[in-house]
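**Student:** Here it is, the structure in full.
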Amino acid sequence: MSFQNTPELIAGLQSHDWRALAKAITLTENDGDGKEELLTYAWQASREDCLLIGITGAGGAGKSTLIDGIIQEYVKNGKRVGVIAVDPSSAYTGGAVLGDRVRMGKHAMDPNVFIRSFASRGA
């Protein structure tokens with residue numbers, strides 16, 4: 001499905017299509033048309049059956065290892081998992097390390113796991 005409009009994206013999200021989720025995140029991140037409708041849907045849907053866990057810490061503290069373990073446990077118990085990894089951007093290049101995604105790579109082919117990395121871009 002190509003998701004030509006917001007209702008199609010929402011239908012894709014409702015059917016747990018990871019491609020729809022990726023496109024919805026990109027549309028929202030880029031301030032695209034339909035962003036408000038997507039965010040309203042996401043907010044309402046997440047309040048029904050979603051657990052949000054935030055993990056932060058210094059480099060080398062074991063965040064990726066902890067996240068990897070959490071993913072394993074949730075998937076083992078029949079749950080779907082979405083990971084949003086926000087990496088700091090370099091003050092010099094504007095790039096990000098994005099190491100979390102690499103360390104969680106063994107879950108990349110699992111249909112119950114969605115991993116998306118973002119650079120903070122100084123925000």
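**Student:** Which residues in the range 1-23 place their backbone N less than 11 Å from a point set 7 Å from the Cα of GLU37 along the Cα-to-Cβ direction?
**Tutor:** Backbone N within reach: 4-11.
**Student:** Next up: How would PHE3, PHE118 rank on accessible area, largest to smallest, probe 1.4 Å?
**Tutor:** The residues order as PHE118, PHE3, largest area first.
**Student:** Further question: With the Cα gyration tensor of the range 1-71 in hand, convert its eigenvalues to equivalent ellipsoid semi-axes via √(5λ) and list them largest first in whole Å.
**Tutor:** Semi-axes from the Cα gyration tensor: 28, 14, 12 Å.
**Student:** Using θ = phi - 60° and the Karplus form 6.51 cos²θ - 1.76 cosθ + 1.60, what ³J(HN,Hα) does each residue of the range 73-87 get, whole Hz, x for Gly and Pro?
**Tutor:** Working through the residues one at a time gives 5, 5, 5, 4, 9, x, 9, 9, 10, x, 10, 10, 9, 9, 10 Hz.
**Student:** Any idea what Rg and Dmax come out to for the range 41-86 if you just take the C-alpha atoms, in Å?
**Tutor:** Cα-based Rg and Dmax for the range 41-86 come out at 12.4, 36 Å.
**Student:** Between VAL113 and residues 5 or more places away or on another chain, which pairs have amide H atoms under 5 Å apart, with H built 1.01 Å from N, and which residues are they?
**Tutor:** Those lying under 5 Å, H to H, from VAL113 are VAL81.
The values are calculated or read from the model by the stated rules, or taken from the named source; none is laboratory data. Keep in mind it's a predicted model, so treat the numbers as computed, not measured. Heads up, the Cβs are rebuilt from the backbone with ideal geometry, glycines too, and the neighbour counts pull from every protein chain shown. Heads up: the accessible areas ignore ligands, DNA and RNA and are worked out on the full protein's heavy atoms, side chains in. Shrake-Rupley method; radii C 1.70, N 1.55, O 1.52, S 1.80 Å.
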